[in-house]
1. On the given criteria, is A:R279 without any contact (Cβ under 8 Å) to a residue 12 or more places away in the chain, crowded, with 17+ Cβ neighbours inside 10 Å and within 14 Å of chain B (Cβ to nearest Cβ)?
2. For region B:180-187, state whether one or more residues are farther than 27 Å from B:Y112 by Cβ and within 14 Å of chain A (Cβ to nearest Cβ).
3. Within region B:220-247, can you find the residues that are among the acidic types (D, E) and in contact with a strand residue (DSSP E or B) (Cβ under 9 Å, 6 or more places away or on another chain)?
4. Among the residues in region A:140-160, are any in a helix (DSSP H, G or I), among the small types (G, A, S) and either closer than 18 Å to A:T262 by Cα or more than 14 Å from every other protein chain (Cβ to nearest Cβ) (or both)?
5. In region B:237-278, which residues are touching a residue at least 60 places away in the same chain (Cβ under 8 Å), assigned to a helix (DSSP H, G or I) and at the interface with chain A (Cβ under 9 Å from one of its Cβ atoms)?
6. Restricting the search to region A:287-309, which residues are at the interface with chain B (Cβ under 9 Å from one of its Cβ atoms) and more than 30 Å from B:P448 (Cβ to Cβ)?
7. Need pairs with beta-carbon distance below 6 Å; first residue within 7 Å of another protein chain (Cβ to nearest Cβ) and within region A:1-23, second of a type in the set (V, I, T) and in a loop (DSSP other than H, G, I, E, B); sequence gap 6+ or separate chains.
8. When region A:58-87 is examined, which residues are found to be more than 21 Å from B:D428 (Cα to Cα), more than 7 Å from every other protein chain (Cβ to nearest Cβ) and not small (G, A, S)?
Amino acid sequence: MSTFSAIGEEREIDRDEYTPGVEPQPTWCPGCGDFSVLKALKQALPEVGRTPEETLLCTGIGCSGKLNSYLDTYGFHTIHGRSLPVARAAKLANPDLEVIAAGGDGDGYGIGGNHFIHTARENHDMTYIVFNNEIFGLTKGQTSPTSPKGHKSKTQPHGSAKEPVKPLSMSLNAGASYVARTAAVNPNQAKEIITEAIEHDGFAHVDFLTQCPTWNKDARQYVPYIDVNDSDDYEFDKTDRVEAQEMMRETEESLYEGEVLTGRFYVDEDRPSYGEEKRAIGEMPEEPLAERYWDDEYEWERSHDMFLDKHA
Amino acid sequence: MTDDELIWRISGGSGDGIASTSQNFAKALMRSGLNVFTHRHYPSRIRGGHTYTEVRASAGPVESRGDGYNFLLALGDSFARNPQEEAVYGNEEIKPLSENLDELREGGVIIYDEGLLDASEIPNFEERAEENDWHVYPLDLRGLARDMGREVMRNTAGVGATCAITGMELGHVEDLMRDAMPEKILEPNLEILETAYNQVQEEYDIDAPDVSVPTGEHDETQLLMSGSDAISYGAIDEGCRFISGYPMTPWTEVFTIMTKNLPKLGGISEQVEDEIAAAALAVGASHAGVKAMSGSSGGGFALMSEPLGLAEMTETPVVLVEAMRAGPSTGMPTKPEQSDLEHVLYTSQGDSQRVVLAPGTVEEAYEQSRLAFRLAYEYQIPTILLYDQKLGGELKNVPKSHFDRDPNPDLGKTLSEDALADEPHSGDGKFHRFQHDVEDGVSPRSIPGQKGGRFLATGNEHDPTGHIAESPDNRVAQIDRRTEKLEAIRADLDGEDTGSYAGPEDAEYGILTFGSQQGTVEEAVGRLNDAGISVKSYGVSDMLPFPTEQVEAFVESVDEVLVVEMTASGQFRGLVQKNLGRYGEKLSSLLKYNGNPFEPAEVVDGFEAAIIEGDGDASGHQTTFVPAAGD
């Protein structure tokens, strides 16, 4: 038996394998968009051939952070805003793992915004799903970084004076090599996009519009939606950074005018992932570092033999 | 003060090569058979500012900076910005000479670069020199260096002159220059060294040196090493192959040494966006099965509070190093202090479930860095190695054999897939990673990618599978189990002998200290006993879990105890009293927080004033006495 025999296992995977026995029914509110993310993942993971035990799902805090209570893989429910640094280190330690990070819009674009920018910049080979419901849900309805300007809540009683964050543009400018937006109300597209994101060799960012029927009743339910890759009204080349930027800006502005644009906005298949970059300059081993600790043959180096003579 | 030692101070501006020159000179003295110890003083500036390094050398053991010094090599500050007296920093040009006179001992030597420094700018310089019997050598080091190479090589000229005046042979210095310098600059440097040496010998006709270099002998190979080196090598030998960090003085030294060496070992170093990420990456890497570390200094460590708590709750092994400097806030970035003690003990919400070790010497820094990893991985608990700018940066000689030990890449209680199969699982196959009743409170772990090992790690309170759970029974069981680990670690540490004792066992008085002040206190204890005062010391390393039994026995065995630490509020004394729960009337404090570490004489004088004379006033020192409760 090898050390990590769940990795690279070739077999049929049933989507029910991802449903935990302890709490199979999520505690999200009826009508919550979060169910769609869970469903899309349960469909996508078997399709890309990744088993529960070769998958590490790192989440933040919020309703979205409960995701790994309901998706039965290796999980790390981290702290608010910090799923990405935990996730990307796990990927460096063992690049053979399928690493997925997920969290809400407050988690990823607010408190964890710095990590989002830098993880995108580094282009780690992982998937990042942001549950974007334009509200803080678990803490009961405060204005979030993606809430529209003028949004009223108990923490912004006179209406937010701030422009919302533009997550797609931010992601592109930071360096993500796959940027998409999908919506809970569009399960087929969601499944396809999550599948592509997992398969993409680089940092794949999916802004997932997840309506909150409890705390954001005023918000649109993200219908009707338009897939910009399929619509004749929108023509742009998703591999062209400048055209992608234009399309993203239009998408981000129109969301607040009631028009829900979704699809793949930017895809760069050529950019090497961070792991490839690190290996190319000799800063990362070819074999997963995590394997070495189980290799009985490995001769562990000692400072005594390697580094001390220059001190003599 | 001892006569058979050289304490050589080289002064100049930041950027003048003070550090590298002093390091080579210290190494030359070490190679000649002496024990050496360095002390550095520098401002938080890239260029200019008053900076110096002292090299103390003796045939006997040296574990501390000395009291003052006896040989000054004052180079010019080539980056001095403010020539006016009324400037904020005063006249910087003259500082390499003027700032160093107060601590120069009677009978000491001054070499100054008259090419850059004009002694007549210092009031009463000649009178002071005469009064103190200083031997003054104004030499045009800059001129000599310029004529034969480049101006910056005046350091070399100064070293040549030092050798001539102290009667030290050039051999070791030349060897080191050959090792360190590229061909292009080696030749002119060697030439400058020799010319300066010969010129001084001829001009001053030296037969009996004013201050001489002692002679000594080592019976085994010695290494010149800093606490930062030792911590890094300890980590490497314990199988650490992942580090993540963000630059901050003085922690950057460990980060840099690890980053330089890890690629040669197939390891990974990550410079990241901030210290929250730095510590979170170390947690993530460890979770995925790698021995990992991160670290910072006070301000950066504050950002690590969150991931530190996460590591406690998820029982993820990780080592964090914290290099203290003077606070609060940005404080004094390049000056040592020990005032982050309470910060590392208590930061992050909830009850602390961590280990904190504070090594006292370079040797201990290596051992306790290894110990930190062993405890972190065996007990699945974050372990913090607490040191400071002093221990991190000072250099001393350590026998090479100290490092001749087996590596230990062991991950602790981590299960193979075979072993996992025999462990409890839920009906749906989830592994019970956090079992309630386990030996020493340590529940064995699995690593992502292993078959049969999946579980949820979460910062929420959780049941045995990791699932979020808030039932009172589970809560109590989990907290009690995690706390039990600390009891087991205490018992483990009792066998490690991390404390350092000096002085006669049946002494009348005691001095307690922690971390980097240990060597200085031990030298002071030696001197006090020589002067007929019966005193012993205990340098404590285990901050958490605290060696209550040992400290209590020490306090119990003496009449009075002086607690010596570099804080303004007596944090270590507070920790002692918190753990002992009594003895407040027996413990007084000697504090120093002016940015400089204690000199042995300050501890000697402070002890005499506080304990023997009883009034606490040690005149002439910037130390503070805080009496015992009720006094």
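1. Working: without any contact (Cβ under 8 Å) to a residue 12 or more places away in the chain: yes; crowded, with 17+ Cβ neighbours inside 10 Å: no; within 14 Å of chain B (Cβ to nearest Cβ): yes.
No.
2. Step one: of region B:180-187, the residues farther than 27 Å from B:Y112 by Cβ are B:182-184.
Checking which are within 14 Å of chain A (Cβ to nearest Cβ) leaves us with none.
Checked against the condition, which is being farther than 27 Å from B:Y112 by Cβ and within 14 Å of chain A (Cβ to nearest Cβ), region B:180-187 yields no hits at all.
3. Here is the first cut: in region B:220-247, the residues among the acidic types (D, E) are B:220, B:229, B:237-238.
Passing the criteria: B:E220, B:D229, B:E238.
4. If we filter region A:140-160 for residues that are in a helix (DSSP H, G or I), which is where we start, we get none.
So far as region A:140-160 goes, no, none of its residues is in a helix (DSSP H, G or I), among the small types (G, A, S) and either closer than 18 Å to A:T262 by Cα or more than 14 Å from every other protein chain (Cβ to nearest Cβ) (or both).
5. Residue satisfying the conditions is B:D237 alone.
6. Those that are at the interface with chain B (Cβ under 9 Å from one of its Cβ atoms) and more than 30 Å from B:P448 (Cβ to Cβ): A:H304, A:M306, A:F307, A:L308, A:D309.
7. From region A:1-23, the pairs are A:A6/A:T51.
8. A:T59, A:I61, A:C63, A:H80, A:L84
The values are calculated or read from the model by the stated rules, or taken from the named source; none is laboratory data. Quick caveat: nothing in here was measured; it's all calculated off a predicted structure. Every residue, glycine among them, receives a Cβ derived from its backbone with ideal geometry; neighbour counts consider all protein chains shown.
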